[in-house]
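K.L.:
Sharing a structure below in structure tokens format, with a few things to ask.
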């Protein structure tokens, strides 16, 4: 915008306009001038700028800002999409629920785009709300770029909270998933392994690592109910200020075959190894 010089009359009116609740951006638009010009004169008049939250409240009050409430469908039922979402929340996903900041979102930030797309798809199909699509360019050449998404809805977050706390050290698998059918269980396991799963090509194992031993034991029990054997071990990490981690391992022929048949990985680089490497070297697997 081309900066228009404010007249003395314009400058004298700024105080009244700003104190009436009009934003600095709205004032700049009114006078057809640059926003920085308005800020400069507000400072010279000794007016303190409103915080973002205060400005937002004034905007809502004046009708300039309309808060869109992302409503979720009534009578939501357990399905594969919900199970996948919960599986991801027990892994790489997270929920930001903050009444003070009025922030309510279900989110994921990962380096594998296909994983993000699958999570977005599950969120949309279940809650019928469009999640965001974000890209974060890495500032460090040693790190990979990040793909991120957020579904912003207090109703969706409240619904998830009915099934438990899904923070890193506290999450547990909801009973409705533990006691569900094979399809629901497999969808949960897929979400969890898309987050925390790994393939050990040297030792011919599929694994998943977590700091949450109780939650990991529940994952193992679901695998057992699907006919798979597993073990859980402590992992060694000599780095300072790190929490004890535990690794669930699947390494016998039958269990790996079942995992490949029933679950698999959304992440292509892992799925390619699963379908190409293990069948070719199946004789080396533990009977």
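The values are calculated or read from the model by the stated rules, or taken from the named source; none is laboratory data. Being a predicted model, the structure only gives us computed values, none of them experimental. Positions of Cβ are backbone-derived with ideal geometry, glycine not excepted, and every protein chain shown enters the neighbour counts.
K.L.:
Filter region 241-287 down to the residues that are at pLDDT below 75 and assigned to a loop (DSSP other than H, G, I, E, B), then identify the one that is farthest from residue 80 (Cα to Cα).
P.N.:
So the residue we want is 241.
K.L.:
Residue 169 versus (1) in a loop (DSSP other than H, G, I, E, B); (2) under 23 Å from residue 266 (Cβ atoms); (3) in contact (Cβ under 8 Å) with a residue 40 or more places away in the chain: which is the lone unmet condition?
P.N.:
Against the list (1) in a loop (DSSP other than H, G, I, E, B); (2) under 23 Å from residue 266 (Cβ atoms); (3) in contact (Cβ under 8 Å) with a residue 40 or more places away in the chain, residue 169 comes up short only on (2).
K.L.:
Could you identify the single residue in 245, 254 that is over 12 Å from residue 189 (Cβ atoms), more than 24 Å from the chain's Cα centre (by Cα) and surrounded by fewer than 18 Cβ atoms within 10 Å (Cβ to Cβ)?
P.N.:
Answer to the selection: 254.
K.L.:
Shifting gears a bit: May I ask you to list the residues in region 148-164 that are more than 15 Å from residue 126 (Cα to Cα), out of contact with any strand residue (DSSP E or B) (no Cβ under 6 Å at 6 or more places or on another chain) and surrounded by 12 or more Cβ atoms within 10 Å (Cβ to Cβ)?
P.N.:
161, 163, 164
K.L.:
Kindly indicate the residue of region 172-190 that is part of a helix (DSSP H, G or I) and out of contact with any helix residue (DSSP H, G or I) (no Cβ under 7 Å at 6 or more places or on another chain) and also surrounded by the most Cβ atoms within 10 Å (Cβ to Cβ) among those meeting that condition.
P.N.:
176
K.L.:
How many residues does region 129-158 contain that are touching a residue at least 40 places away in the same chain (Cβ under 8 Å) and assigned to a loop (DSSP other than H, G, I, E, B)?
P.N.:
Number satisfying all stated conditions: 2.
K.L.:
Are any residues in region 27-36 surrounded by 18 or more Cβ atoms within 10 Å (Cβ to Cβ) and part of a helix (DSSP H, G or I), and if so, which ones?
P.N.:
Listed by number, the residues that qualify are 27, 28.
K.L.:
Test of understanding: among 233, 199, 206, which residue is out of contact with any helix residue (DSSP H, G or I) (no Cβ under 8 Å at 6 or more places or on another chain) and in a strand (DSSP E or B)?
P.N.:
One residue alone meets the criteria, 233.
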